[in-house]
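We did not get these values from a lab; they are worked out from the coordinates using the rules stated. What you see is a predicted model, and the numbers here were worked out from it, not measured in a lab. Here the Cβ is made from the backbone with ideal geometry for all residues, glycine too, and neighbour counts use every protein chain on show.
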Amino acid sequence: MSEQRFTAIELCAGVGGQAVGLEQAGFDVTATVDIDRDSCETLSHNRPHWYTIHGDLKRIDPLDHAPLDHADVLSCGLPRSPYTVAGKQLAMGDKRDTLQAVLDMASFVRPRVLLLENIPTFLRATKFEAERQKVREAVEDLGYEVTSGVLVATDFGVPQHRSHGFMIAMHPKDLACFLWPEPDTGPYPTLGQTLYESMSSDGWPEAQEWATHASEPAPLIMGGATGRGGADLGASRAKAIWERWGVYGGSIGDSVPGPGFRLNRDVEPRFGLPKLTVDQVALLQGFSPDWKILGRKTSAYRQISQATPPPIAAALGRQVAKALWQSPRTPS
């Protein structure tokens, strides 16, 4: 096996979850692109050696950026809002959608692998068959075939009930060597286990009681979509689920509970239950504590709530890398 390392470009990179996961899988991230300035500042702060481009993918000319010339993997977490019920499921009719721009970039970069991530509905709903067909036609022009699958966050050590849909396109000889990652066999991490250290860090005496009660993985992190308003943990139904596990979901906290905070499930939740901070949400998304998210609270929460958890991207990235190494198309 050669000492060559594979490279990756991440489009719509956001806070960097998918790029970090690919990095953990052994890829050199040569470029990241995002339209949000705070997201780009987050990426540049945490990975100053990455070539980060702030701009609208639909207007970026790859000829202006040498690192966009080629990569082994072109990866993108497509904006979710165009494919959600809350976003009216307008798909490519939504001005926030970037699918065509991603496929255009793939035609320029000509990566060995195109990796697209979105909510599982993108893969399953009849309504989005035209978008899936557009992907298939675009990669067929590159001589590739497509496979798709859904990965569940808890299966890869992420303490959250969350599923992600992936489409992967490769040359048939590469794809013949690809296997989807197997789930971990260990127990699911819980909300309480993950956040106990943080919840107790400022002397909250009831942190252990809270953590013992929060004995399941966290509910799906949602909310924070661009233009939606302030930072909270989602609609009423989502907030009710969070309340069941001892969290007030009506807003994001500025700090963890202190010595004077009292857990009380019999009063209005905003007075008797702790709020999650942005840093705590990042832990529930599988980020390491040293990953600093820049921007004001609403912006920081939006960045992290829409992320692909790095452990999922890392597990998938390792399988992609293994397929490329094993393929007869890779020079030994």
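Using amide H atoms built 1.01 Å from N in the peptide plane, name the residues 5+ places from Y51, or on other chains, whose amide H lies under 5 Å from its own.
So Y51 has HN proximity to A31, T32.
Just flag the trypsin sites (Lys or Arg not before Pro) in region 265-332 sitting in loop per DSSP whose Cβ has no more than 15 other Cβ atoms within 10 Å. Show your work: numbers first, answer last.
Values: sites: R265, R270, K275, K292, R296, K297, R302, R318, K322, R329; in loops: R265, K275, K292, R296, R329.
Taking region 265-332 and a limit of 15 other Cβ atoms within 10 Å, the loop trypsin sites (Lys or Arg not before Pro) found are R265, K292, R296, R329.
How about region 6-85: which trypsin sites (Lys or Arg not before Pro) there are in a DSSP loop, with at most 11 other Cβ atoms within 10 Å of their Cβ? Intermediate results must be reported in sequence, preceding the final value.
Numbers: sites: R37, K58, R59, R80; in loops: K58, R59, R80.
Sparse-neighbourhood loop trypsin sites (Lys or Arg not before Pro): R59.
Would you work out the relative contact order for region 191-304, in percent, from Cα pairs under 8 angstrom that are 6 or more residues apart? Walk me through the intermediate numbers first.
Numbers: 175 pairs, mean separation 29.9, N = 114.
Rounded, it is 26 percent for region 191-304.
What ranking do T154, T121, T32 get, fewest neighbouring Cβ atoms within 10 angstrom at the top? It would help to have the intermediate numbers written out before the result.
On the way: T154 20, T121 16, T32 27.
Fewest-to-most ranking of T154, T121, T32: T121, T154, T32.
Using a cut-off of under 12 Å, list every residue of region 128-162 whose amide N is near the label point 7 Å from the Cα of D184 along the Cα-to-beta-carbon line.
Correct set: 153-160.
Report the full-extension gain for the segment A130 to N264: residue separation times 0.36 nm, less the Cα-Cα distance, to one decimal in nm. Walk me through the numbers before you get to the answer.
Values: separation 134, 0.36 × 134 = 48.24 nm, distance 5.01 nm.
Extra length available between A130 and N264 comes to 43.2 nm.
Near W242, within a Cβ-to-Cβ distance under 15 Å, what is the net charge of the other residues, with Lys and Arg +1 and Asp and Glu -1? Mind showing how you got there, number by number?
Working: positive: R162, R237, K239, R244, R265, R270, K275; negative: E216, D232, E243, E268.
Net local charge, W242 excluded: +3.
Please tell me the relative contact order of the chain in percent, rounded to the nearest whole number, where contacts are Cα pairs under 8 Å and at least six residues apart. Don't skip to the answer; put the middle values down first.
Working: 668 pairs, mean separation 65.4, N = 332.
Relative contact order, the chain: 20 percent.
Could you compute the FRET efficiency for D290 and K322, with r as their C-beta to C-beta distance and R0 at 25 Å, rounded to 0.05? Before the final figure, lay out the partial values.
Values: r = 28 Å, r/R0 = 1.11.
Between D290 and K322 the formula returns 0.35.
Mean-square fluctuation check for the chain, GNM, Cα pairs under 10 Å: which of G272, G186, G286 is largest?
Per the Cα network of the chain with a 10 Å cutoff, G186 tops the list.
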